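Participant: Structure provided below as structure tokens; questions to follow.
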Amino acid sequence: MISGILMGGFIILLLLDVPIAFALLGAAMIAMYFTGSLMPAAQSMIATVDSFTLLTIPLFIMAGDLMNRGGITSRLVDLSNALVGHLKGALAQTGVVAAMLFGSVSGSAVADTAAVGSAVIPPMLKQGYNPAFSAALIATAGTIGMLMPTSITLIIFAITANLSIAKLLVAGLIPGLIMGILLCVYSYFYAVRNKLEFADRFSWGKLFRAVRKAIIPGITPGIIVTGIVGGVFTPTEAGAVAVVYAACIGAFVYHELDWKGLLDSAVHTIAITGLVMFLIFTSYAFSWVITLERVPEMFSSLLLGGTSSPLVVFLLMNVFLLAIGTFLDPTPTILITVPIFLPIAMQFGIDPTHFAIVFVINMAIAQVSPPAGAVLFTACGLARVSMAQVTPPLLPLMGVQLVSMVIVMLVPSLVLFLPNLFFAN
């Protein structure tokens, strides 16, 4: 009864075009009223956001923004071009590699897409690439940042599921590389099929110069991961280190970050953090009612009665996540569904770290899924194409993302190798 009121109220509010955060809160409050538990729920919601660990989110957001303002993007693009500029589809592959590198320092798919797209899409259009394909490629490549060692999405998942942030940040590295490599392979064959651009000859001198210019920002993920793995600092402290490091690079090394840029970055971080924290607050209200109504246990009993195969359960959850991700952002999706799905996954013997990475790949695919993919909107704006135009070239690229998800789902060792190597069980 209460669960029906909760979901019904949420759907009605969404249909009325109420913002997601307010729809979550409104539906939850209506359901709480009927349960008579408004006060305990409010206390739990406040306790949820009153967490030192959540400081990781604004710190990594600011670090990525400072990197972008401090002249990092152009240097990472130059390094990417030096690495793959001699291959067919050089510009397309440069965009993918640059997205992987920038995603390692930004942690945000939207920021990754905006920064790399601004630098790569105009040259792609000049070289004869289809604008719709350019937007679709940079959007899908931008989502790789959700799997890299500074991923905001992985941090939110870890906090929600009470998992180790450090383990998840390390676990996403190999899956992120797999997705990037597959996108590069697709870009190569796309360029061959469409007879696009002649590649430059590989030059060790060019590569050396690009590495020299990009080495300082490029080691940021290494500093973060090494520091966390080595026990030098916690993930929250790593965020603070990244902010100071990014500010010093932009101000004193590249001289492209001044006081105005620092202030603008702080304002931007405050705005984004406010949105994320309010989503966490309202989403917890929604998930609190779900937990109170024992929805996870009902789902678990339903699945246990229908199948005993962990693979089938995993596939069913993936289908559901892909569907819900087309109209919900990753943060509310995580906060609403993880309390339901993670206990079920663990009951079927699925490692929670493995589940987390596959979950986030689902969210990456959802971020470029019409009609509500935020990353896709960003790329379309940069290439000046409509959603209808970008959909045909986007579908095979989403297929590449799906292939990477299937590979990661079927081979758990790709996810668990690094966490098992660096962290004791």
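Participant: Can you tell me which residues in segment 128-158 are modelled with pLDDT of 85 or more and surrounded by fewer than 22 Cβ atoms within 10 Å (Cβ to Cβ)?
Facilitator: ASN130, PRO131, ALA132
Participant: Hey, among LEU321, LEU328, LEU335, which residue is buried (at least 20 other Cβ atoms within 10 Å of the Cβ), within 16 Å of the chain's Cα centre (by Cα) and not in a helix (DSSP H, G or I)?
Facilitator: That would be LEU328, the only listed residue that is buried (at least 20 other Cβ atoms within 10 Å of the Cβ), within 16 Å of the chain's Cα centre (by Cα) and not in a helix (DSSP H, G or I).
Participant: While we're here: Give me the pairs: first residue in segment 113-140 and farther than 14 Å from SER187 by Cα and without any contact (Cβ under 8 Å) to a residue 40 or more places away in the chain, second residue of a type outside the set (Phe, Trp, Tyr) and part of a helix (DSSP H, G or I), beta-carbon distance under 6 Å, and six or more apart or on different chains, which are they?
Facilitator: Pairs found: PRO123/LEU91.
Participant: Go through (1) at pLDDT 65 or above; (2) more than 17 Å from ILE324 (Cβ to Cβ); (3) in contact with a Leu (Cβ under 8 Å, 6 or more places away or on another chain) for GLY4 and report which single condition fails.
Facilitator: With respect to (1) at pLDDT 65 or above; (2) more than 17 Å from ILE324 (Cβ to Cβ); (3) in contact with a Leu (Cβ under 8 Å, 6 or more places away or on another chain), GLY4 is out only on (3).
Participant: So LEU125 fits all but one of (1) surrounded by 20 or more Cβ atoms within 10 Å (Cβ to Cβ); (2) modelled with pLDDT under 90; (3) within 21 Å of LEU394 (Cβ to Cβ); what number is the exception?
Facilitator: So the condition that LEU125 fails would be (1).
Participant: With the requirement that a residue be β-branched (Val, Ile, Thr), touching a Leu at 6+ places or on another chain (Cβ under 8 Å) and under 18 Å from VAL411 (Cβ atoms), what does segment 307-358 give you?
Facilitator: Listed by number, the residues that qualify are VAL313, THR353, ILE357.
Participant: In segment 401-419, which residue that is surrounded by fewer than 16 Cβ atoms within 10 Å (Cβ to Cβ) and assigned to a helix (DSSP H, G or I) is nearest to the chain's Cα centre (by Cα)?
Facilitator: Initially, segment 401-419 is screened for residues surrounded by fewer than 16 Cβ atoms within 10 Å (Cβ to Cβ), giving 402-403, 406-407, 410-411, 413, 417.
In the following step, the residues that additionally are assigned to a helix (DSSP H, G or I) were identified as 402-403, 406-407, 410, 413, 417.
Details: LEU402: 15, VAL403: 17, VAL406: 18, ILE407: 18, LEU410: 21, SER413: 21, PHE417: 21 Å.
Here the answer is LEU402.
Participant: Could you please give the count of residues in segment 239-255 that are touching a residue at least 24 places away in the same chain (Cβ under 8 Å) and either closer than 21 Å to LEU421 by Cα or more than 27 Å from the chain's Cα centre (by Cα) (or both)?
Facilitator: In the first step, residues of segment 239-255 are kept if they are touching a residue at least 24 places away in the same chain (Cβ under 8 Å); the result is 239-240, 242-243, 245-247, 249-251, 253-254.
Narrowing the set further to residues that are either closer than 21 Å to LEU421 by Cα or more than 27 Å from the chain's Cα centre (by Cα) (or both) leaves 251, 253-254.
Total satisfying the criteria: 3.
Participant: Is at least one residue of segment 339-359 surrounded by 21 or more Cβ atoms within 10 Å (Cβ to Cβ), within 21 Å of THR282 (Cβ to Cβ) and over 15 Å from the mean Cα position of the chain (by Cα)?
Facilitator: Yes, some residue in segment 339-359 is surrounded by 21 or more Cβ atoms within 10 Å (Cβ to Cβ), within 21 Å of THR282 (Cβ to Cβ) and over 15 Å from the mean Cα position of the chain (by Cα).
Participant: Another question about this same structure. How many residues does segment 256-274 contain that are exposed (fewer than 14 other Cβ atoms within 10 Å of the Cβ), of a type in the set (A, V, I, L, M) and under 20 Å from the mean Cα position of the chain (by Cα)?
Facilitator: 2
Participant: Then there's this: For ILE57, state whether it is touching a helix residue (DSSP H, G or I) at 6+ places or on another chain (Cβ under 7 Å) and either under 24 Å from ILE228 (Cα atoms) or at pLDDT 75 or above (or both).
Facilitator: When the stated conditions are applied, ILE57 passes them.
Participant: With the requirement that a residue be in a helix (DSSP H, G or I) and polar (S, T, N, Q), what does segment 220-263 give you?
Facilitator: THR220, THR226, THR236 - these are the residues of segment 220-263 that are in a helix (DSSP H, G or I) and polar (S, T, N, Q).
Participant: Please pick out the residue among ILE181, ILE215 that is closer than 25 Å to LEU395 by Cβ, under 27 Å from the mean Cα position of the chain (by Cα), without any contact (Cβ under 8 Å) to a residue 24 or more places away in the chain and in a helix (DSSP H, G or I).
Facilitator: ILE181
Participant: Here are some conditions: (1) over 20 Å from LEU311 (Cα atoms); (2) buried (at least 19 other Cβ atoms within 10 Å of the Cβ). GLN389 meets all but one. Which one does it not meet?
Facilitator: Unmet condition: (2).
Participant: Got a sec? Which of THR226, THR269 is among the polar types (S, T, N, Q) and modelled with pLDDT of 80 or more?
Facilitator: Numbers: THR226 fails: modelled with pLDDT of 80 or more.
After ruling out the rest, the residue left standing is THR269.
The values are calculated or read from the model by the stated rules, or taken from the named source; none is laboratory data. All of these numbers come straight from a predicted model, not from anything done at the bench. No Cβ is skipped: glycine too gets one built from the backbone with ideal geometry, and neighbour counts run over all protein chains shown.
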